[in-house]
Amino acid sequence: MHFILRSIIDNLWKSFQDKVSTYVNKNGGVANIVSPKIERPDWVDIERVVKGLDPITTLRSDC
């Protein structure tokens with residue numbers, strides 16, 4: 001289920017970028033779309049920390 005939601009959200013974001021870029025470029029501006037760098041936290045690890053099962057130091061520093 002999470003995979004499907006992520007896919008829908010990612011596609012919505014790409015569509016938004018395309019439309020904004022097209023609008024800007026057609027109206028005298030310059031817009032480029034750069035390839036996204038998608039980083040998502042490991043929600044299982046976060047849940048374990050929130051529940052007090054693991055110390056916060058087990059999470060990635062870029063989380």
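The values are calculated or read from the model by the stated rules, or taken from the named source; none is laboratory data. Since this is a predicted model, take the numbers as computed values, not measurements. Reconstructed Cβ throughout: ideal geometry from the backbone, glycine too, with neighbour counts over all protein chains shown.
Inspect the range 26-43 for any residue being assigned by TED's automatic domain parsing to the domain that holds Ser7, at positive phi and not aromatic (Phe, Trp, Tyr) and give the result as yes or no.
Scanning the range 26-43 turns up at least one residue that is assigned by TED's automatic domain parsing to the domain that holds Ser7, at positive phi and not aromatic (Phe, Trp, Tyr).
Kindly list, by first and then second residue, each pair from a residue in the range 16-28 that is loosely packed, with under 11 Cβ neighbours inside 10 Å to a residue that is of a type in the set (A, V, I, L, M), limited to pairs with Cβ atoms under 8 Å and residues at least 6 apart or on different chains.
none
List the number of the failed condition for Val34; all other conditions in (1) assigned to a helix (DSSP H, G or I); (2) modelled with pLDDT of 90 or more hold.
Checking Val34 against (1) assigned to a helix (DSSP H, G or I); (2) modelled with pLDDT of 90 or more, the one that fails is (1).
I'm trying to understand the selection: among the residues of the range 43-58, which are over 21 Å from Arg6 (Cα atoms) and either in contact with a helix residue (DSSP H, G or I) (Cβ under 7 Å, 6 or more places away or on another chain) or not polar (S, T, N, Q) (or both)?
Arg48, Val49, Val50, Lys51, Gly52, Leu53, Asp54, Pro55, Ile56, Thr58
Which condition from (1) under 30 Å from Arg60 (Cα atoms); (2) out of contact with any Cys (no Cβ under 7 Å at 6 or more places or on another chain) is the one that Val20 breaks?
(1)
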